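Read through the structure below, which is laid out as structure tokens, and then see the notes.
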Amino acid sequence: MLYSPAPLHIPDGFLSLVIALVFWGITIFTVGIAISRTNKSLGEKQVPLMGIMAAFIFAAQMLNFPVAGGTSGHFLGGALAAMVLGPWAGILVMTAVIALQALLFQDGGLLVMGANIFNMGLLTAMIGFGLYRSVLGRGKGVRLTVVGVAAWLAVVASALLAALQLWLSGTSRLEIVVPAMLGVHALIGLGEAVITVAALAFIERTRPDLLDKKAVAAKGGRGWVYAGVLISLLAVLLSPLASADPDGLERVATDMGFLQSGQPTPYQILPDYTVPFLGETALSTVVAGVVGALVLLGLMIVIGQTLRRKTS
Amino acid sequence: MHADAFDRFHQAESRLHNLDPRVKVVVTVLFILSNALLPDGAWSAFGLCWIALLGANHLSNLGIDFSFRRSFIALPFALAAVSAIFSPLGTPLAEWTLGPLVLIPTDYGLVKFGSILLRSWLSVQAAILLVATTRFPDMIHAFEHLRVPAVLTTIVAFLYRYLFVLTDEVMRLLRARESRSATVAGQRSGRNVVWRARVTGNMAGQLFLRSYERSDRIYNAMLARGYSGQMRTLNPHVMKSSDWSFAALSIAIILLLQLTGRF
């Protein structure tokens, strides 16, 4: 079989409704910006290009190489897409790939697609493009090293976030899911890193016009560098904390109100995740989820605008 | 390669195939949403969900166990939920020692694990039926009608169209690698893992350039044929009264499922 599902695609039923809706909110907002950005800057020619680039990512995921004992390394491609096409186009391309995988192959669910797009599209674009842009114009050795680190980190950060989502949904125990996901993806990430570095070096050699300093810098502002470095630091700091001291993270989550220990539903941003006057019904949970998503959206708009003001 | 290698559409003449794709998409999403809303341990409601799915399978003329036979794709992911069995909440049922780990399954954890698995399994089946009875371009069109931005649906439509072309390209690359990699039986070949990964990386780069340059040619060819930035369709979807009644019936059933799960 040509198409093999990657372990990062969360299926329906594994995330709580609230987590699924919150990530749908963030994803819709960011993809909305990506659409308006690419519409403005590139026009209708961009649409066939991005469609075919999405098909490229999809096809490239079939390229595998034997590692050992019958297992094979795989390519996910989120970081490479963002480096070569720019972050906004990269996000759209990955969104299309993840949507098709969910729709056509049931690899990843529909209700949780927002979370999947966030993990494998937005996060990888931020880390991939952000770190790549931070070393533009440096020597080849530095650049390719950072590209490799970024590709590895993108996979690991996606896995970490997926593990945290599973934990916040009450599906998995933190002390089990985080080390398991991180361990597997730290290995997968190595293959991803080598392939990404080789592919990028190849493209730089054969089509230097696509990846010269000005072309890359024009695709996304300095805000991406800050976002990428910040997210990378967060992932690097959070991974050991989550796997070595899960109780610590649990305590932090409890203190911040994300989690109430000893409650059957371990996800609490609004009190009991219900809206008071609606009582403890499903509707109330949904409304609470939507409110939570809106609050996050507001935060992201504020952050986005301050970043834009800084870059212009 | 055969163009239908990735196609999940199964041709048949049935009530479900003829239904407006919008109705199918909305009902599928509502069904999955309803699964997510059902509380843990609502076994009778989960059972009714399955009966509803069997009914839908029957309506599709693809065989009553069509979606069941294909529903095991999400199963490997169930591993992620196994740790829910050992939830600290609820009453302990047993105690297993595995090396340094002491595992205590609880009744609450078992109910949680079973519910997660059932929810996922029911949701996957609904999605399988959706893609088996709806042509992919029709489904994309339905999403467009449902206000998904045209840029996104067009990208997915292109992705679907060129999937097959670029897969052929991958096949050619893999065949080229194969034919240049002579091996002597019983002897190690192909240097170390890093080298092999780098070869794959070069192939990815090559594939990227071929796709990039192809997209240029495709765009010019499309312009020459009058492309104006929009995809057009030959079958504009019109909601018939039978579509409306099917939608109403399905929503009533989903509400009934919710009521069963809660009382």
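Structure data summary
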item	result
Tensor-based shape of region A:166-238 (alpha-carbon gyration tensor, a/c under 1.5 rounded, otherwise prolate or oblate)	oblate
Whole-angstrom gap from region A:132-176 to region A:77-121, using each part's C-alpha centre	15 Å
Qualifying lysines (Cα of each under 26 Å from Cα of A:LYS40; at least 8 residues distant if same chain)	A:LYS213, A:LYS214, A:LYS219, A:LYS310
List B:TRP244, A:TRP152, ordered by accessible area with a 1.4 Å probe, largest first	B:TRP244, A:TRP152
FRET efficiency for B:ARG217 and A:VAL149, using Cβ-Cβ distance with R0 set to 51 Å, rounded to 0.05	0.90
For chain B: rounded, prolate or oblate by the Cα gyration tensor [a/c cutoff 1.5]	oblate
Region A:20-165: C-alpha gyration tensor shape, a/c 1.5 cut-off, then a/b vs b/c	rounded
Euclidean distance between Cα centres, region B:61-77 to region B:187-216, Å	35 Å
Mean Kyte hydropathy of -0.5 or more with a Cα span along the axis of at least 27 Å, helices from DSSP in chain B	B:107-133, B:150-180, B:193-224, B:241-262
Modelled FRET efficiency - R0 56 Å, B:ALA224 with B:LEU259, Cβ distances, 0.05 increments	0.45
Cross-link reach list, lysines versus B:LYS240, counting only Cα pairs under 30 Å and skipping chain neighbours closer than eight places	B:LYS24
Chain B, relative contact order [Cα under 8 Å, separation at least 6], %	31 percent
Calculated FRET value between B:ARG69 and B:ARG232, using beta carbons and R₀ = 45 Å, to 0.05	0.80
Alpha carbon Rg of region B:118-263, scaled by the compact-globule rule 2.2 N^0.38 Å	1.61
Pairwise label distance in nanometres, B:ARG180 with A:VAL236, each label 7 Å out on the Cα-Cβ vector	3.6 nm
For A:GLU204, solvent-accessible area (1.4 Å; no DNA, RNA or ligand), Å²	30 Å²
Paramagnetic label zone (point 7 Å from Cα along Cα-to-C-beta, B:TRP244; backbone N under 15 Å) in region B:15-38	B:20, B:23
Region B:19-92: translational diffusion in µm²/s, Stokes-Einstein, Kirkwood Rh over Cα pairs, 25 °C, 0.890 mPa s	165 µm²/s
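The values are calculated or read from the model by the stated rules, or taken from the named source; none is laboratory data. As the structure is a prediction and not an experimental result, all values here were calculated from the model. So basically every Cβ, Gly included, is an ideal-geometry build from the backbone, and we count neighbours across all protein chains shown. For the accessible areas, the whole protein counts, side chains as well, though only heavy atoms, and no ligand, DNA or RNA atoms are used. Shrake-Rupley method; radii C 1.70, N 1.55, O 1.52, S 1.80 Å.
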